[in-house]
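Trainee: Shown below is the structure under consideration.
The values are calculated or read from the model by the stated rules, or taken from the named source; none is laboratory data. What you see is a predicted model, and the numbers here were worked out from it, not measured in a lab. FYI the Cβ positions are ideal-geometry reconstructions off the backbone, even for glycines, and counts take in every protein chain you see.
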Amino acid sequence: MTCTSSALDDSITHAECGRTLSKREITGLLSLSDPGEIERLYLAADRVRKECVGDEIFLRGIIEFSSHCRNNCLYCGLRRDNQQAQRYRMAGEEILDLARAIEASGCGTVVLQSGEDPHYTREKMSGIISRIKGQTGLAVTLSMGQRSFEDYRAFRDAGADRYLLRHETANPSLFAGLCPGRTLDERIQCLKWLKQLDYEVGMGCMAGLPGQTLEDLADDVLLIREYDADMIGIGPFIPHPLTPLGGHPAGDAAMVLRMLAVIRLVTRDTNIPATTALGVMDGRSRGKAFQAGANVFMPVFTPRNCAEHYDIYPGKGDVMKADGAVLDFKPFFDTIGRPIGKGPGGRRKKS
Ligand code: SAH
């Protein structure tokens with residue numbers, strides 16, 4: 001598009017042209033309520049997505065390999081104090097079999113996700129990663145929470161390519177209240193280590209957390225920009241009845257869509273999934289996400305007998321049944337003119 005000075009006061013136009021947005025402008029975009037303006041925001045994000053990362057939708061197959069967690073985050077159904085949570089762990093062999101199935105189904109990346117489970121020691125996890133790298137052509141993404149620098153280094157040496165560690169919220173006091181015994185600073189220290197170790201790094205947050213303001217969400221966007229995240233996952237907060245936040249209202253799917261669009265405009269060439277949590281709130285919004293900036297789809301490959309116990313938030317199971325057959329989504333991707341990406345689909349162009 002051409003960027004004319006007559007549109008100087010228009011933050012959507014400016015964002016599309018790559019101008020750095022102020023916090024006020026970001027807050028303004030996140031609070032848009034006029035359907036026509038919101039559609040303009042989505043269209044601008046969709047054009048930037050097309051220009052910067054192309055039309056392909058990349059698939060990342062997730063294996064939720066352990067539901068054990070040493071943490072006690074107030075929002076999460078896997079929290080330590082939830083005595084009713086059923087806990088399971090997968091053996092290395094089972095993880096490897098699932099990784100092969102993920103490759104066979106056409107995904108270029110496996111995501112290994114779990115609660116924070118010290119059972120998977122540095123050695124055990126490094127072994128699993130190096131076997132997947134040795135036996136498949138998959139990119140390996142880890143999503144297993146906070147670990148030591150040495151652990152992250154060992155996993156990287158074993159061949160891990162990427163690491164997802166959502167910052168959850170950029171508001172330090174909200175973070176400290178939601179994650180007892182943890183601080184946002186520690187989380188950010190982990191993100192810095194991961195960058196230092198040359199992982200592709202994923203950040204992200206929930207929208208609609210109890211006590212979270214629009215300003216907090218604008219700070220999330222700014223933090224993601226500041227740390228130059230390679231991947232960004234945004235989902236609505238979904239109350240889990242077996243957690244202290246069970247009685248709070250859920251986050252708004254429309255707000256998540258505006259976040260995705262703004263983050264696409266601000267970060268340009270990043271990988272942004274249409275998250276499962278968004279699909280739980282509203283299946284149509286998850287589809288819409290692909291026309292508002294998203295370019296990644298993460299089908300769940302955890303076998304049903306385990307997946308039903310990977311109960312971070314309610315409703316996940318129903319969405320996953322739909323995901324199980326990636327091919328079921330193909331017709332939708334076809335109708336919006338989006339081919340499925342081949343290969344790992346990382347942010348960095350490998351020569
Ligand atoms: N233990 C790993 C993986 C966490 S699960 C880690 O700490 O990174 C992945 C994401 O699910 C979390 O980062 C969080 O943003 C999201 N999540 C957890 N509980 C949720 C809830 N109740 N509603 C919506 N998203 C939730």
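Trainee: Across the range 302-320, which residue is farthest from L278 (Cα to Cα) among those that are assigned to a helix (DSSP H, G or I) and more than 10 Å from the ligand (Cβ to nearest atom)?
Mentor: Checking each candidate, the answer is N305.
Trainee: If you don't mind, another one. Report, by residue number, each residue of the range 97-118 that is within 16 Å of the ligand (Cβ to nearest atom) and either surrounded by fewer than 15 Cβ atoms within 10 Å (Cβ to Cβ) or basic (K, R) (or both).
Mentor: Residue satisfying the conditions is P118 alone.
Trainee: Additional query: Please go through (1) more than 16 Å from the ligand (Cβ to nearest atom); (2) modelled with pLDDT of 95 or more for Y88 and return the number of the only condition it doesn't satisfy.
Mentor: (1)
Trainee: Are any residues in the range 127-145 outside any helix (DSSP H, G or I) and closer than 29 Å to I188 by Cβ, and if so, which ones?
Mentor: L138, A139, V140, T141, L142, S143, M144, G145
Trainee: Could you go through the range 202-218 and let me know if any residue there is within 13 Å of the ligand (Cβ to nearest atom), at pLDDT 95 or above, outside any helix (DSSP H, G or I) and at positive phi.
Mentor: Yes, the range 202-218 contains a residue that is within 13 Å of the ligand (Cβ to nearest atom), at pLDDT 95 or above, outside any helix (DSSP H, G or I) and at positive phi.
Trainee: Let me ask something additional. When you go through (1) crowded, with 17+ Cβ neighbours inside 10 Å; (2) more than 13 Å from the chain's Cα centre (by Cα); (3) free of Cβ contacts under 8 Å to residues at least 24 places away in the same chain one by one for R284, which number turns out not to apply?
Mentor: All conditions are met except number (1).
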